[in-house]
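Computed from the coordinates by the stated procedures, all read-outs in this text should not be read as laboratory data. In this text the structure is predicted, and so the values were computed from the model without any measurement. Glycine gets a Cβ as well: all are built from the backbone with ideal geometry, and neighbour counts include every protein chain shown.
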Amino acid sequence: MVTKITKTTAKKLHPVSKLDYELAAWQAEKVVCGVDEVGRGCLAGPVVAAAVIFPIGAKIDNICDSKLLQEKELLDLAQKIMQNAWCGFGIINPFLIDNCNIRQATIFAMCRAVENLLTICPIKPHKILIDDLPLDQYLARDVDCLSAPKGETWSYSIAAASIVAKVKRDQLMCDYNQIFNGFGFNHHKGYGTTEHYENILQQERSILHRNSFLKKFQISINGDKQCKLF
């Protein structure tokens, strides 16, 4: 978990994400697409990817890695991004995550986000910038791709995608909390917190939970139950 102190320190190191790729494209009268995902390490809920294309010269202050932002900052920036850029989303549910694996599910989510974005955006991007995972062989579009770790630090567009993806997923988990009472999805958003594990013990699991992520936890529970029999 990122503490308030580490967030402050991180902001001093990376106050905003770099605009190098965007500025180079804008100077050539072109645009780039940034892609990122949220929820990859959760015990429950979907993985959500977002793809963002900013029009030429559309700069929003204070865009950085979504993990470094407080909730109010996230909501404010997400609103500005949605108002000033084209955005597409890809959502993969827990059933599909369990039936392939989280890496493939994340790639599927990112590809869907890109396809949904390019369907509504009137401008074809010069380059697609991706946080960590390579998408070249999975995309149906013939667009040059660049992927590297820590994308939120080296691309303004990737950081923007991380922000809108997180806000979208957080909203979904809050909505799910109204249907699946007692799991605290509005608090932990599906991550493996102590509260979440305790709720699973009390109520077992829901259809939102990723069974493949809970195998070790289930083995541990069964082991404890067997020990108590003797």
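Observations, loosely collected:
- Criterion violated by LYS189 - all others in (1) in contact with a Cys (Cβ under 9 Å, 6 or more places away or on another chain); (2) on the phi < 0 side of the Ramachandran plot satisfied: (2)
- Evaluation of ILE91 against the conditions (1) crowded, with 17+ Cβ neighbours inside 10 Å; (2) of a type in the set (Val, Ile, Thr); (3) not in a strand (DSSP E or B) shows that the sole unmet condition is (3).
- Restricting the stretch 94-129 to residues that are assigned to a loop (DSSP other than H, G, I, E, B) and in contact (Cβ under 8 Å) with a residue 12 or more places away in the chain, the residue that is surrounded by the most Cβ atoms within 10 Å (Cβ to Cβ): PRO125
- Per the listing LYS216, LYS166, the residue uniquely in a helix (DSSP H, G or I), loosely packed, with under 13 Cβ neighbours inside 10 Å and among the charged types (D, E, K, R) is LYS216.
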